[in-house]
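Notes to accompany the following structure.
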Amino acid sequence: MNNRRLNKMMLDLKFGENVLADIYSETRKVVYAFVLTYVQRKEDAEDVMQETYIRVQSGIASYNEGNALAWILQIAKNLAINLRYKAKREVAVDYSENEALFGSYGLSEDSVATKALLTKLDRDRSRIVVLHLLAGYKFREISTMLDIPQSTVRWMYGEALKTLKDALEKEEQI
């Protein structure tokens, strides 16, 4: 993902150009995977995705040139955390019957890798893997985003990869 290109699109959006669909296309997989590490359910992740891009559009006036993806991910993170707090009071809706209507965001919840990411790793480790592998962030950037020391981020990433490798190898043997 080219952050300069994304930053330019964000500035274009800020100055009234209709580029939200391009921003969505550029960031959707990373945002979806990142949100999934918070909410753990495909349906909830899709809801947060939708609201994220609505907030990007409505809050673009407050965007200042910088790390566009980090700005979008912060919005998604806040929405995901809010959803978790609200989940205790809301009734879950099953969208699986209408998947063609609601769509998918590139990661299959049923894939072995996604299941391993969500079930074998704790939330911090799964977030680190998503941010490093899918979003391309450096460990120092992830450290800042998640407020975890950089050495700990590196260690957790290594441990997460070992855990995922073991889980995937075990799955192949079955």
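Per-residue 3J(HN,Hα) values for the stretch 66-72, derived from phi via the Karplus relation 6.51 cos²θ - 1.76 cosθ + 1.60 with θ = phi - 60°, read x, 8, 4, 5, 4, 5, 5 Hz in sequence order (x marks Gly and Pro).
With all protein chains in place and ligands, DNA and RNA left out, the 1.4 Å accessible area ranks LYS86, LYS165, LYS77 as LYS165, LYS86, LYS77, largest first. Residue-wise HN-Hα couplings along the stretch 153-168, as the Karplus relation 6.51 cos²θ - 1.76 cosθ + 1.60 with θ = phi - 60° gives them from phi, are 4, 4, 5, 4, 4, x, 5, 5, 4, 4, 4, 5, 4, 4, 5, 5 Hz; Gly and Pro carry x.
Across the stretch 142-149, rounded Karplus estimates of 3J(HN,Hα) from the backbone phi angles (6.51 cos²θ - 1.76 cosθ + 1.60, θ = phi - 60°) give 5, 4, 5, 4, 9, 6, 10, x Hz, Gly and Pro being marked x.
The values are calculated or read from the model by the stated rules, or taken from the named source; none is laboratory data. The model shown is predicted, which means the values in this text are computed figures rather than measured ones. Remember, those area values only see protein heavy atoms, side chains included, never the ligands or the DNA or RNA. Shrake-Rupley method; radii C 1.70, N 1.55, O 1.52, S 1.80 Å.
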